[in-house]
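What follows is a set of notes on a single structure, which appears directly below.
Just so you know, all these numbers are worked out from the coordinates, no wet-lab data involved. Note that this is a predicted model, so its numbers are computed, not measured. A quick note on method: Cβ atoms are made from the backbone with ideal geometry, for glycine too, and the neighbour counts reach across all protein chains shown.
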């Protein structure tokens, strides 16, 4: 996509901080989220879940439950399509177990009843006979010789021979000569790191309201990051036609990747089809933890060599990720992101995707990248400490730049890593003195960003306002930035544009709101759709003036003759053109449908100060600064919001949050009572610096910002805590127990 | 007939309560379709369901932020409730809402209604300690900075919402309603009423604030039959000074107690500040926290170290026991059928009392260990030692061996080091998801050392255990 006018353009609306268009809805409780919809005659559903980590399902008895007054239908795997294959088969197997329960919380059956209380009572009356099988939940153990085979034959062709059948995918990339590289180093450090699985922790549990008739036509309301994806997948799982199911995305109460996956919608649709009534299905918090998509847990070996002057001579990494009982742990992302901030002559990364008896992992903000940064940046920090080098200088010396070769192959386009590192170095935080007991850590992080299928429509109304329809659910204020971009192009004021998340019947296919793609791709599409509308506006003016369309230009909301040769006509404002559009050719609508591929990658550098209590092992973050390249910040407040949000989640992940499985393979901390996400006092005020190195692939230079912000925190906090504690922490989360243990073992 | 009356968003509501354990949240969302109040966890952690409840107590208005998910309808009798929908008809009516918009304090916006209610309640109570106010409102998107910015900005021009006065007047009106005999049995107003209920229902469950029993219903899906709400008994909600002790009614909320003892018992008060969140402290009662016998309840080890006693009532007959004698073993307390805790007595000053709550998160978390120390020293000799721990045994428990070792010894590094060895004779803690056995053992010793350092040296805040609020 050509860079049309990002240089030297003076923006009027882009770059300002207007109130979001849905601000009032949010503060008054008017915004309708997943569980806020009701329908006449609606039934309530509940899901029966496996209490076992791994068990064969011998028999499901539903007779007693069916007799309970108020129970209208029960569904099992039998009620879904038998024809699905590939990833859709994995989704179905996760949505409703086939012959085996693969993890604690795996759905076995579901019931619809006249009240949620009756539905839950009915679950108690269902009897399931299980044959309990051996289980494994740890990634290293799952690769070990004695591990039970979770699914025979699940490995794809990439996996080398001789590995345990639980290894289902393999990745290898890199270049150069590793042994020569390590040979050339003055110091080589090699170590192993582990991170536990975490959950996105969105506050809104999954919820939907479904209606599906015997004719295969249906309506679905749900909280999702991508309703077109829900539509396509549900249609396949229920064996109905895609276009026959209209899906509307509700307001979404947080997703962070976790609502790109599908868990309950097909179940509600199946129950609705069976009862011919609308069915509402809402997860409770414990179901969210047990049976949605947390991150992978990881085990990683890293080896890096460095010269005394800070030059990195070689780096290698082995990344083992378990992603639950299904293929798909993002180990290739982990591998590819690991050394991305460094320009290395000799580098190699290997990834393993490993099955275990845990729920199917889902994306969580830059899936796989934060863990890689934790492992690699910890070793870099240790090398800097031992060689007495400044950690930012070392990162600058080895930084990836435009034209250098990435560790995973391609040459970098224009990127902003050096600018981030320079800004971090100049930031007062980096030179501020530390108090006794405190330590400082820095880290860089990388994320690819994504474009993806996108369709946008911009319809002009007779009064000169614009109705913009986008297909990417607004997960962090994107409606504001869409309004800004449309208004900027049309030359009308921000509040004259209304952005709606259109349903699946209104627009062409839109990929999920993921990959930090919304402001980039829907933004690009909005700009192009607005320009399409402008072209049509100019044509109407040309018609009126009886001149060539090319002789009309658009400036600040007015059609004007392009120059003296075009003729001397009074400029016509947008509202005047739209007022007469019925008579001049009909409705004026701008469109854009494409798959933009120029999503610029993004880098960030974080600085963290932490202190550690030597007697109890408690760590606390006292100061935090985020420096990140946004390309171009459309609405700086929401860019800062993404920076702060990523850092806040990173603090939780680094210090506190983890999935704790018992010996029995059951998840022990299934609520916010014991899965502690940060509260206000856990977080410092997080300072932010926006760097703008324009992305050549977007008209205004936008790069996605949502995910890169969670890439550096684990590493930056681990470095700060390790420096404060005087001992290297190699396992996340750095809970008081782990820190105190490390301090104890040091002496 | 079990009938209750309360004010909802300015309108009087009279209800026949079919199930005593219908939560306010379910009723608001399912019956009234007031969906601005959100369900995020259904166990009082996330605060997405925060509502404002106003109560008239002896003519004084009390505004509380409460979690609607673990608040049963009968607990609202005679009170006024405001949900997010009832706060303002347009945003300019409410500064906090305006500031939340212009400071971009919402990303997804799901937690926003609960946060608006919490901040408004704080404003009515002239409270500006935002970390504390928001400890019970989880936001996963923002990192809280823009929310706190909005709260501070709203301080300047905050005005009292117009409905506050109107709600008060309506409250006065319904408070003069005559209670039927039936409803008195269901919602006792006096200790005598409660004695009668307990005599009739010796196996019954008493509910103070429902912060624990609420979870029996919403999480364990228990069907509770014999249940009696006691939070409204004013005789049991008072704090009285008598001789050398404070007499605390069992239905005193944690928040009321915390506020009352800020000067007399600063350490205990600070421990109570870290008890749950504002919403939880506003509901939970001190009697309930003791009576449930949890090994990780925070008030019990503190009260043991302070030397508190509890007064139990069985059909009008009283007996008083040291609080540590109340805890027999896990799930079993020194309490007869039909007997209830009426009040707690503790010394008027806390002296050398210190307590350390060790949890993964600083605010709103369950203790892995709660260590409480109260040692009296005279001329460098220890003349009295009371040490109690939560999280180290199946009940809140005294460290008798450590205490015995300390008694009569000199107050010195050496004594403390030796005393630490005695912990092994007192405790054999379990490993669970909150901490390992080794960690608990090590930290118990380290806390005694910390206590020694804090008591003997001028350097008070030795560490990050205390976050400055």
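Measuring r between the beta carbons of residue A:66 and residue B:221 and using R0 = 25 Å, the FRET efficiency lands at 0.80. Shape class for the stretch B:98-220, computed from the alpha carbon gyration tensor (a ≥ b ≥ c): oblate, with a/c not under 1.5 and a/b at or below b/c.
Full extension of the chain segment joining residue A:575 with residue A:597 gains 4.5 nm, where the gain is 0.36 nm per residue of separation less the Cα-Cα distance. Among A:107-114, B:110-117, A:503-510, sorting by the average number of other beta carbon atoms lying within 10 angstrom of each residue, highest first, gives B:110-117, A:107-114, A:503-510. Going by alpha carbons, how many degrees (0 to 90, nearest 10) lie between the helix axis of B:191-200 and the longest principal axis of chain B? Computed tilt is about 90 degrees.
Could you rank the peptides B:133-141, A:41-49 by their average count of other C-beta atoms within 10 Å per residue, with the highest value first?
B:133-141, A:41-49
Where both bridge residues fall in chain A, DSSP classifies roughly 75% of the beta bridges as antiparallel. Taking the centroid of alpha carbons for each part, the stretch B:339-373 and the stretch B:25-82 are 27 Å apart.
Over chain B, what is the relative contact order in whole percent, taking alpha-carbon pairs under 8 Å and six or more residues apart?
12
Relative to the longest principal axis of the Cα atoms of chain B, helix B:163-175 runs at roughly 80 degrees.
Per residue of A:608-617, other chain Cβ atoms within 10 Å of the residue Cβ number 5 on average.
When a/c is below 1.5 the answer is rounded, else prolate if a/b is larger than b/c, else oblate, so apply that to chain A with a ≥ b ≥ c taken from the square roots of the Cα gyration tensor eigenvalues. It comes out oblate by the Cα gyration axes.
Only Cα pairs under 8 Å and at least 6 apart count here; give the relative contact order of the stretch B:354-456 as a rounded whole percent.
22
List residues of the stretch B:365-389, by number, whose backbone nitrogen lies under 20 Å from a label position 7 Å along Cα→C-beta of residue B:412. The answer is B:375-385.
Indicate the gyration tensor shape class of the stretch A:503-543 (rounded, prolate or oblate), computed on the Cα atoms with a ≥ b ≥ c the square roots of the eigenvalues: a/c under 1.5 is rounded; otherwise a/b larger than b/c is prolate and the rest oblate. It comes out oblate by the Cα gyration axes. Where only DSSP H runs of four or more residues are counted, chain A gives -8500 deg cm²/dmol as its mean residue ellipticity at 222 nm, each run worth -39500 (n - 2.57). Distance between the C-alpha centres of the stretch A:608-658 and the stretch B:218-286: 35 Å, rounded to the whole angstrom. Per residue of peptide A:738-744, the mean number of Cβ atoms on other chains within 10 Å of the residue Cβ is 2.
Residues B:323, B:174, B:395, ranked from the fewest to the most other C-beta atoms within 10 Å, line up as B:174, B:395, B:323.
Each part reduced to its alpha carbon centroid, the stretch A:343-363 and the stretch A:530-574 end up 55 Å apart.
Residue by residue along B:442-451, Cβ atoms of other protein chains within 10 Å of the local Cβ number 3 on average.
So for the stretch B:184-347, what are the equivalent ellipsoid semi-axes in whole Å, largest first, each being the square root of 5 times an eigenvalue of the Cα gyration tensor? Write out the running numbers ahead of the final one.
Working: eigenvalues 106, 67, 49 Å².
Taking √(5λ) for each eigenvalue gives 23, 18, 16 Å, largest first.
Taking the Cβ of each residue in A:728, A:703, A:20, B:319 as the centre, tally the other Cβ atoms inside 10 Å and list the residues starting with the fewest. Ordered from fewest to most neighbouring Cβ atoms within 10 Å, A:728, A:703, A:20, B:319 come out as B:319, A:728, A:20, A:703. Each peptide among B:73-86, A:600-613 gets the average number of other Cβ atoms lying within 10 Å of its residues, and from highest to lowest they stand as A:600-613, B:73-86.
What number, in percent, do you get for the relative contact order of the stretch B:66-160 if the mean sequence gap of Cα pairs under 8 Å and at least 6 apart is divided by its residue count? Result for the stretch B:66-160 is 36 percent.
Where only DSSP H runs of four or more residues are counted, chain B gives -8500 deg cm²/dmol as its mean residue ellipticity at 222 nm, each run worth -39500 (n - 2.57).
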